[in-house]
Amino acid sequence: MSDIAEGKAWVAAASEAMEYFLKHGPEEAMSSEKQRRWNQLVEATQEAADRHDTTRGFE
């Protein structure tokens, strides 16, 4: 993917994670199922950010 596309993917992943957090509250208040989903969203955001950094030449 291009740098711009990777950047958009990173922003989309971060936005989805933030919306989920704002809807379901702090991790301590989440059910175990919601915590698993939250952790998946955080991991996806980190992976998207890493891909974006790699595309831009930062490692």
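Per residue of the chain, what 222 nm ellipticity follows from adding -39500 (n - 2.57) for every DSSP H run with n ≥ 4, rounded to the nearest 500?
Rounded to the nearest 500, it is -28000 deg cm²/dmol.
Mind ranking 20-28, 5-13 by how tightly packed they are, going by the mean number of other C-beta atoms within 10 angstrom, highest first?
5-13, 20-28
Between Lys34 and Lys8, what FRET efficiency follows from the Cβ-Cβ distance if R0 is 30 Å, with the result rounded to 0.05?
0.70
Accessible area of the chain with a 1.4 Å probe: how many percent of it is carbon plus sulfur?
Exposed carbon and sulfur together represent 54 percent of the surface.
What three numbers, in Å, describe the spread of the alpha carbons of the chain along their principal axes, ordered from the longest?
38, 17, 13
Please turn the phi angles of region 33-46 into ³J(HN,Hα) values with the Karplus equation 6.51 cos²θ - 1.76 cosθ + 1.60 (θ = phi - 60°), one per residue in order, whole Hz, x for glycine and proline.
5, 5, 5, 4, 5, 4, 4, 5, 5, 5, 4, 5, 5, 5
Count the net charge of all other residues whose Cβ sits under 14 Å from the Cβ of Asn39, scoring Lys and Arg as +1 and Asp and Glu as -1.
-3
Accessible area per residue for the chain in Å², computed with a 1.4 Å probe and the full protein assembly in place, what is it?
Spelled out: the 1.4 Å probe surface of the chain, per residue, equals 74 Å².
The values are calculated or read from the model by the stated rules, or taken from the named source; none is laboratory data. Nothing here was measured: the structure is a model prediction, and the numbers come from that model. Using ideal geometry, Cβ is built from the backbone for each residue, glycine included, and neighbour counts are taken over all protein chains shown. We work out accessible area using only protein heavy atoms, side chains counted, and drop any ligands, DNA or RNA first. Shrake-Rupley method; radii C 1.70, N 1.55, O 1.52, S 1.80 Å.
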